[in-house]
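Structure first, then comments.
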Amino acid sequence: ASEQHRIDHGGDCDVYPSVSGPLLGALAAAAGARRILEVGCGLGYSALWLADGAGPDGAVETCEKEPLHAELARRQFELHGAGRRITIHAGRALDVLAGLRGDYDLIFADGDPDEYLADLEQFMRLLKPGGTLITSNLFLGVYLPDAPWLADAAEYRRRILDDPRLRTVFLAEWK
């Protein structure tokens with residue numbers, strides 16, 4: 001669905017097909033995550049894998065700024081029988097995160113890299129001690145060397161490396 005949507009809507013669309021779903025599900029299961037937050041829902045592919053990893057009693061909340069993407073994701077959740085376990089918060093992460101309550105077992109940041117630095121304080125507030133923070137797209141500068149947010153992405157990487165509450169590892173590829 002993500003691939004077809006991107007073809008239909010052209011290069012300005014920020015939904016990207018991914019093969020990382022099984023890894024996300026495995027990480028959620030390995031972490032024993034039952035309450036999961038995702039930033040950047042797209043059409044729901046990652047949220048479905050996270051819900052699978054969380055098991056039948058797990059719940060995923062996801063943020064999506066684009067109303068069309070949120071609606072298409074809702075349809076995917078219903079189609080795959082996960083509609084009751086996945087909640088979509090419509091709006092930009094910066095606005096949505098401030099209104100959420102903490103103790104998430106796992107947070108998956110897959111939104112706009114230019115917002116990660118601003119979101120980090122909220123991630124740390126919302127993540128339970130010992131929880132898992134997964135962040136995608138930290139090295140997009142390889143593909144977008146002129147992106148205006150590269151300094152912010154570098155600062156985010158530095159902060160997650162230096163924060164004593166986090167153990168950080170980088171995966172070069174999600175294949």
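The values are calculated or read from the model by the stated rules, or taken from the named source; none is laboratory data. This structure is a prediction, so every number in the text was calculated from the model and none was measured. Cβ coordinates were reconstructed from backbone atoms using ideal geometry, including for glycine residues, and neighbour counts include every protein chain displayed. To get the accessible areas, we keep the full protein, side chains included, count just its heavy atoms, and leave off ligands, DNA and RNA. Shrake-Rupley method; radii C 1.70, N 1.55, O 1.52, S 1.80 Å.
Check off (1) in a helix (DSSP H, G or I); (2) open to solvent by less than 70 Å² (accessible area, probe 1.4 Å); (3) under 19 Å from residue 39 (Cα atoms) for residue 121 and give me the number that stays unchecked.
(2)
Among the residues of the stretch 21-43, which ones are open to solvent by less than 10 Å² (accessible area, probe 1.4 Å) and small (Gly, Ala, Ser)?
If the condition is that a residue be open to solvent by less than 10 Å² (accessible area, probe 1.4 Å) and small (Gly, Ala, Ser), then 21, 25, 28, 33 are the ones that fit.
With on the phi < 0 side of the Ramachandran plot and modelled with pLDDT of 95 or more as the only criterion, which of 125, 92 stands out?
Unique residue meeting the criteria: 125.
From (1) at pLDDT below 90; (2) at positive phi, pick out the condition that doesn't hold for residue 66.
In the conditions (1) at pLDDT below 90; (2) at positive phi, residue 66 misses (2) alone.
Could you identify the single residue in 153, 147 that is surrounded by fewer than 16 Cβ atoms within 10 Å (Cβ to Cβ) and hydrophobic (A, V, I, L, M, F, W, C)? Break it down stepwise before answering.
Values: 153 fails: surrounded by fewer than 16 Cβ atoms within 10 Å (Cβ to Cβ).
147 is the lone residue from the list that is surrounded by fewer than 16 Cβ atoms within 10 Å (Cβ to Cβ) and hydrophobic (A, V, I, L, M, F, W, C).
Considering only strands (runs of 3 or more DSSP E) fully contained in the stretch 16-117, which possess at least 2 residues that are out of contact with any Phe, Trp or Tyr (no Cβ under 8 Å at 6 or more places or on another chain) and farther than 29 Å from residue 154 by Cβ?
Hits in the stretch 16-117: 59-64, 86-90.
Going residue by residue through the stretch 68-82, is there one that turns out to be hydrophobic (A, V, I, L, M, F, W, C) and open to solvent by 70 Å² or more (accessible area, probe 1.4 Å)?
Yes, the stretch 68-82 contains a residue that is hydrophobic (A, V, I, L, M, F, W, C) and open to solvent by 70 Å² or more (accessible area, probe 1.4 Å).
Given the options 112, 105, name the one that is under 12 Å from the mean Cα position of the chain (by Cα), open to solvent by less than 60 Å² (accessible area, probe 1.4 Å) and within 27 Å of residue 171 (Cα to Cα).
112
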